[in-house]
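Only one structure is covered here, and it is reproduced in the block below.
Laboratory data are not the source of any read-out in this text; all were calculated from the coordinates shown. Here the structure is a predicted model, which is why all the values come from computation and not from measurement. Backbone-built Cβ (ideal geometry, glycine too); neighbour counts: all protein chains shown.
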Amino acid sequence: DTGVSQDPRHKITKRGQNVTFRCDPISEHNRLYWYRQTLGQGPEFLTYFQNEAQLEKSRLLSDRFSAERPKGSFSTLEIQRTEQGDSAMYLCASSQPLAEYTDTQYFGPGTRLTVL
Amino acid sequence: TQLLEQSPQFLSIQEGENLTVYCNSSSVFSSLQWYRQEPGEGPVLLVTVVTGGEVKKLKRLTFQFGDARKDSSLHITAAQPGDTGLYLCAGRLYNQGGKLIFGQGTELSVKP
């Protein structure tokens with residue numbers, strides 16, 4: 001088990017460009033979560049999938065953000081027309097809950113986005 | 001306003017001292033997790049507490065979940081420089097799916 005992996009680890013882009021991040025969850029984990037973390041703050045929930053179904057999206061996820069998990073395995077998070085306020089660490093987590101209260105989430109190393 | 005208030009936000013202590021980090025809310029959580037995060041890395045799970053009043057120990061770390069499931073604490077005994085990092089509490093609300101609500105974090109620095 002190699003853990004949750006994310007790619008790229010760092011991304012620097014210019015304002016207005018589109019960016020896409022990838023997350024590979026732990027094998028057999030059916031839930032996959034995306035969070036965003038700004039400097040000095042705890043992570044904030046963005047969205048999550050159970051298998052390929054996107055079950056919830058935060059109000060933080062504007063129309064410029066879209067996430068997919070086409071085959072219930074890896075997921076992508078795309079940000080269109082990036083803004084400087086999008087600069088943050090984007091974290092992915094996966095889990096295999098036996099029950100709702102035992103949904104232990106394991107995090108990847110994150111993708112650090114800097115928008116110039 | 002933050003749903004989970006973590007305090008203190010910053011803590012700088014000498015090696016060997018004890019410390020306690022608090023995580024408080026007016027909401028009831030079905031479970032609460034504590035994570036530790038290094039700069040530039042994702043959070044690493046330390047413990048999950050599920051039952052009100054539950055106490056769990058992990059070597060020098062003691063975690064407690066409040067009886068009413070609204071608060072939690074992390075106590076570190078005889079802190080070491082290797083304990084330095086960002087400590088995050090995260091809770092799950094009833095009937096809110098799987099998402100975690102995080103506190104702001106406590107930045108701990110342990111000086112030798």
On a straight-distance basis, which aspartates and glutamates could pair with A:K57 in a cross-link, Cα separation under 16 angstrom, same-chain partners fewer than 8 positions away excluded?
A:E44, A:E68, A:E78
Whole-number D in µm²/s for the protein assembly as shown (Stokes-Einstein; Kirkwood sum over Cα pairs; 20 °C, 1.002 mPa s):
119
Across the range B:14-19, in residue order, what do the Karplus-derived ³J(HN,Hα) couplings come to in whole Hz, using 6.51 cos²θ - 1.76 cosθ + 1.60 with θ = phi - 60° and x for Gly and Pro?
8, 3, x, 7, 9, 8
Summarise the partner chain shielding of B:91-99 as one whole number: the mean count of Cβ atoms from other chains within 10 Å of each residue's Cβ.
5
Are there GluC sites (Glu not before Pro) in the range A:55-116 that DSSP puts in a loop and that have at most 15 other Cβ atoms within 10 Å, and which ones?
A:E83
I need the trypsin sites (Lys or Arg not before Pro) found in the range A:1-64, filtered to DSSP loop residues with at most 15 other beta carbons within 10 Å of theirs.
A:R9, A:K14, A:R15, A:R59, A:R64
Can you compute the label reach from B:V44? Point 7 Å from Cα along the Cβ direction, backbone N cut-off under 13 Å, restricted to the range B:85-107.
B:85-87
Rounded to two decimals, the Debye log10 I(q)/I(0) of chain A (Cα scatterers, no solvent) at q = 0.12, 0.16, 0.19 Å⁻¹ is -0.39, -0.69, -0.96
Can you tell me which aspartates and glutamates have their Cα less than 18 Å from the Cα of B:K111? Leave out same-chain residues fewer than eight positions away.
B:E15, B:E17, B:E38, B:D83
Can you pull the mean other chain C-beta count within 10 Å for peptide A:55-63?
1
Given points 7 Å out from each Cα along the Cα-Cβ axis, report the A:K57 to B:L93 separation in nanometres with one decimal.
2.0
Take the range B:4-112, drop everything but the C-alpha atoms, weight them equally and run the Debye formula without solvent; then report log10 I(q)/I(0) at 0.12, 0.20 Å⁻¹ to two decimals.
-0.37, -1.01
For the range B:50-112, shape from the Cα gyration tensor axes a ≥ b ≥ c, cut at a/c of 1.5 then a/b versus b/c, turns out oblate
Share of Cα-Cα pairs in the range A:1-56 beyond 16 Å, in percent?
59
Average beta-carbon neighbours from other chains, 10 Å sphere, peptide A:11-21:
0
